[in-house]
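Here is the structure we will look at, set down as structure tokens.
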Amino acid sequence: MPLASLKNIQTPAYVADIAAIRANMEKAKRIKKETGIKLLLATKGFAMPAVFPVMREILDGTTASGLYEARLGATHFGSEEQGKEVHTYSPAYTEENLKEILKYSSHIYFNSVHQLQKFAPRVRAARKNAVIGLRVNPRLPLVKNSALYDPSAPCSRFGVQKEELTDEVLAQIDLLHVHNLCENLAEDSEKLIEHVRVQFAFALPKIKHLNLGGGHFYTHKDYDIPRLIAALKKLKQDFAGTITLEPGAAHVLNGGYLVATVLDIIPHAQKIAILDASASTHMPDVLEVPYTPEIIGAQIVEQEKASEPNTYILGGNTCMTGDVIGTYKFEKPLEVGQKLIFTDMMQYSFVKNTTFNGIPLPDLALLHEDGRVEIVKHFGYEDFAGRLGA
Ligand SMILES: Cc1ncc(COP(=O)(O)O)c(C=O)c1O
């Protein structure tokens with residue numbers, strides 16, 4: 001079993017499982033083949049260039065949150081000259097960063113009519129073929145896991161209102177952008193697609209491209225891919241232009257691990273194990289969403305059960321009281337030095353980690369299909385000190 005090779009690696013380490021990501025890409029391939037849509041990788045959710053070759057075979061490009069991600073996408077995933085698209089959407093641009101972004105991005109999306117009107121002429125002048133997009137807020141709350149991630153939440157700062165899409169505004173754009181989901185299943189993808197088809201019918205004949213955002217959780221075991229395909233096909237009957245989806249998380253769902261080591265076990269009535277991986281610094285979504293990640297060979301239980309046999313509260317090696325990953329029941333007592341493998345640790349993990357407390361950043365590694373583990377990057381003191389200006 002290839003996972004056995006993870007037991008020997010230096011920890012902490014994020015390990016991308018190439019076979020699992022390739023399996024996700026097969027689903028992406030099917031959606032593309034049956035609908036003719038384009039699929040991008042949102043690099044905010046996952047950006048490990050060592051894995052890009054596997055994704056590049058299927059995906060059409062990347063979508064960035066700003067200059068650095070645009071540059072990373074163009075440089076490591078593929079630029080327009082290499083046949084890949086690089087889209088960038090930021091809530092706001094400055095004159096200077098937009099100029100730089102235009103070196104890398106084939107598509108620029110604005111968040112307000114004000115920024116569109118201010119910058120669109122400069123975009124057209126600097127990059128003749130650039131596709132100009134405008135984000136619209138569909139006001140259709142569908143996100144269930146957390147209001148933090150719902151673009152349709154009250155007072156959301158994302159996207160213009162439908163009423164702002166006047167003929168004058170539509171004449172300045174090529175693309176409408178509607179990012180509105182987060183870990184949603186096909187039923188909600190369908191609701192969003194149908195909403196756009198009906199509510200924005202007035203705008204569709206006036207644009208060439210439509211980007212229906214990320215959050216379509218198409219690799220989830222309960223995601224009904226044929227339902228997504230049917231909804232997209234229906235939309236295509238009304239809209240002849242390019243249709244794009246830009247998930248991040250779904251492309252790497254269950255696509256890798258965070259491997260940690262038990263550093264100490266504190267035998268309180270409710271037993272505590274301290275790990276070299278931390279919720280606060282290495283798995284920020286555990287605290288932010290919040291959720292409890294799975295561990296191979298362990299069962300998630302309520303905290304009160306930490307007094308039961310083989311059951312432990314797992315926490316990180318930081319000063320933060322709340323740096324608690326969860327409570328888990330194992331098959332046997334934990335031992336100091338034992339490795340634990342957290343699953344589904346590719347999305348929004350290493351792209352968001354920190355060196356708070358001087359905690360070392362986990363290595364980045366690949367688990368190849370033949371079971372070989374390749375360390376892509378080891379982080380050391382210089383990475384910590386450099387960020388602090390040393
Ligand atoms: C504009 C935009 N596009 C795409 C995504 C990717 O979403 P997900 O990783 O949930 O698929 C996000 C996530 O926040 C986003 O803000």
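Brief remarks follow.
- Between residue 221 and residue 303, the C-beta separation translates, for a Förster distance of 25 Å, into a calculated FRET efficiency of about 0.35.
- Of the peptides 93-103, 173-183, the order by per-residue mean of other Cβ atoms within 10 Å, starting with the highest, comes out as 173-183, 93-103.
- Hits among aspartates and glutamates - C-alpha to C-alpha of residue 332 under 13 Å, sequence gap 8 or more where chains match: 308
- Percentage relative contact order, the stretch 29-103, counting C-alpha pairs under 8 Å, at least six apart: 26 percent
- Of the cross-linked pairs 33/99; 305/377; 27/352; 144/236, those separated by over 31 Å at the C-alpha level are 33/99; 305/377.
- If you plug the beta carbon distance of residue 335 and residue 33 into 1/(1 + (r/R0)^6) with R0 = 56 Å, you get a FRET efficiency near 0.70.
- The length gained on full extension between residue 82 and residue 100, counted as 0.36 nm times the residue separation minus their Cα-Cα distance, comes to 4.6 nm.
- Compactness index (Cα Rg / 2.2 N^0.38 Å), the stretch 36-251: 0.95
- Net charge dipole size for the chain [Lys, Arg +1 and Asp, Glu -1 on Cβ; Debye, nearest 20]: 1160 debye
- Hz values of 3J(HN,Hα) by residue in the stretch 125-142 - Karplus curve (6.51, -1.76, 1.60), Gly and Pro given as x: 6, 7, 9, 3, 8, 4, 8, 9, x, 9, 7, 10, 9, x, 6, 9, x, 10
- Contact order relative to length of the chain, as percent, for alpha carbon pairs under 8 angstrom and 6 or more apart: 19 percent
- Shape summary: the chain maps onto an equivalent ellipsoid whose semi-axes, from the alpha-carbon gyration tensor, are 40, 22, 20 Å in decreasing order.
- Contour minus Cα-Cα distance for residue 289 and residue 370 (0.36 nm per residue): 25.7 nm
- Estimated 222 nm signal from helices in the chain, with DSSP H stretches of n ≥ 4 weighted -39500 (n - 2.57), rounded to 500: -7500 deg cm²/dmol
- Between 152, 77, 58, the Cα set farthest toward the positive side of the dipole of the stretch 54-210 (charges on each charged residue's Cβ, about the Cα centre) is that of 77.
- Computed E for residue 23/residue 146 - FRET, C-beta separation, R0 30 angstrom, nearest 0.05: 0.65
- Square roots of 5 times each gyration tensor eigenvalue, C-alpha, the stretch 257-390, largest first, Å: 25, 18, 14
- Of 44/206; 271/329; 38/84, pairs whose Cα-Cα distance is over 18 Å: 44/206
- The share of C-alpha pairs in the stretch 1-120 whose separation exceeds 19 Å stands at 55 percent.
- Check: the stretch 255-325 dipole with +1 on Lys, Arg Cβ and -1 on Asp, Glu Cβ, in debye: 140 debye
Where a number appears in this text, it was derived from the coordinates with a stated rule and is not lab data. Keep in mind it's a predicted model, so treat the numbers as computed, not measured. A quick note on method: Cβ atoms are made from the backbone with ideal geometry, for glycine too, and the neighbour counts reach across all protein chains shown.
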